[in-house]
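Q: Below is the structure I would like to discuss, written out as structure tokens.
The values are calculated or read from the model by the stated rules, or taken from the named source; none is laboratory data. Keep in mind it's a predicted model, so treat the numbers as computed, not measured. Quick reminder, even Gly has a Cβ in these numbers, built from the backbone with ideal geometry, and neighbours come from all protein chains shown.
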Amino acid sequence: MQSHKTYTVEEALKKMEWYCSYQERCHKEVTQKLYGMHMIPDAIDHIVVKLMQDNFLNEERYAKAFVSGKFRIKKWGKQRLTRELKQKDIGKTLITMALQTISDQEYLETFHTLAEKKAENIRESNSLKNKKKLADYLFYRGWESHLVYDKVNELF
């Protein structure tokens, strides 16, 4: 029979404080981690509330950090950022607030730089294939269709 380590609420709380201080986390990640530690729902609720009270867990801060990081490092567009945050059960209001931390100018500059850099590396003889490859790449990254189509037609 497989036995698993059991935790007291205090031990689990300490573990979650470290988990949250190491990197911003959302409620869903913390809850999943606690379920993985075989904690009961009442204990999970208690720990999540305590983490929020002590400011280890803050969904607004998480959403802003997530948007900032994924936009600057992975060059994700607003569609992808929104989709990923929704999967983490972040509310619409917080998603909107987090997306507003990106300036329109920086957003467009990042988009144009990303598209132009990718376009340089596409080496198809057929211009339709070039357009498709660039469009697919930008859509995957979560950029809005009007931006993608205008840029694809401009570059090829």
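Q: Kindly provide the set of residues from the stretch 55-102 that are closer than 13 Å to residue 29 by Cβ and buried (at least 18 other Cβ atoms within 10 Å of the Cβ), ordered by number.
A: Those that are closer than 13 Å to residue 29 by Cβ and buried (at least 18 other Cβ atoms within 10 Å of the Cβ): 56, 57, 59, 62, 63, 66, 85, 90.
Q: What number of residues in the stretch 116-149 are of a type in the set (D, E, K, R), within 18 Å of residue 106 (Cα to Cα) and loosely packed, with under 13 Cβ neighbours inside 10 Å?
A: 1
Q: Would you be able to say whether some residue in the stretch 23-32 is hydroxyl-bearing (Ser, Thr, Tyr), out of contact with any Phe, Trp or Tyr (no Cβ under 6 Å at 6 or more places or on another chain) and more than 25 Å from residue 99 (Cα to Cα)?
A: No, the conditions are met nowhere in the stretch 23-32.
Q: Take the residues in the stretch 120-156 that are of a type in the set (Gly, Ala, Ser) and modelled with pLDDT of 95 or more; name whichever of them is nearest to residue 82 (Cα to Cα). Don't jump to the end; show me each part of the working.
A: Let us first name the residues in the stretch 120-156 that are of a type in the set (Gly, Ala, Ser), namely 125, 127, 135, 142, 145.
Among the residues that remain, those that are also modelled with pLDDT of 95 or more are: 135, 142, 145.
Working: 135: 19, 142: 9, 145: 15 Å.
Per the stated criteria, the residue is 142.
Yes/no matrix, rows are residues, columns are (1) within 21 Å of the chain's Cα centre (by Cα); (2) within 30 Å of residue 33 (Cα to Cα); (3) of a type in the set (S, T, N, Q):
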site: 87; (1), (2), (3): yes, yes, yes
site: 92; (1), (2), (3): yes, yes, no
site: 101; (1), (2), (3): yes, yes, yes
site: 110; (1), (2), (3): yes, no, yes
site: 116; (1), (2), (3): no, no, no
site: 128; (1), (2), (3): no, no, no
site: 146; (1), (2), (3): no, no, no
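Q: For the stretch 11-27, which residues satisfy the criterion of being among the charged types (D, E, K, R) and out of contact with any Lys or Arg (no Cβ under 7 Å at 6 or more places or on another chain)? Steps first, answer last, please.
A: Our first condition is that a residue be among the charged types (D, E, K, R); within the stretch 11-27, this holds for 11, 14-15, 17, 24-25.
Answer for the stretch 11-27, where residues must be among the charged types (D, E, K, R) and out of contact with any Lys or Arg (no Cβ under 7 Å at 6 or more places or on another chain): 11, 14, 15, 17, 25.
Q: Looking at residue 80, is it under 20 Å from residue 146 (Cα atoms), outside the structural domain of residue 138 (by TED's automatic domain parsing) and out of contact with any Pro (no Cβ under 8 Å at 6 or more places or on another chain)?
A: On the way: under 20 Å from residue 146 (Cα atoms): yes; outside the structural domain of residue 138 (by TED's automatic domain parsing): yes; out of contact with any Pro (no Cβ under 8 Å at 6 or more places or on another chain): yes.
Yes.
Q: For the stretch 1-114, please list each of the helices (runs of 4 or more DSSP H) lying entirely inside it that holds at least 2 residues being polar (S, T, N, Q).
A: On the way: elements: 9-22, 27-36, 41-53, 59-74, 78-87, 92-99.
Answer list for the stretch 1-114: 27-36, 78-87, 92-99.
Q: Is it the case that some residue within the stretch 89-108 is among the acidic types (Asp, Glu) and more than 30 Å from residue 58 (Cα to Cα)? Spell out the reasoning first.
A: Filtering the stretch 89-108 for residues among the acidic types (Asp, Glu) gives 89, 104, 106.
Applying the additional criterion that residues be more than 30 Å from residue 58 (Cα to Cα) yields none.
No: zero hits.
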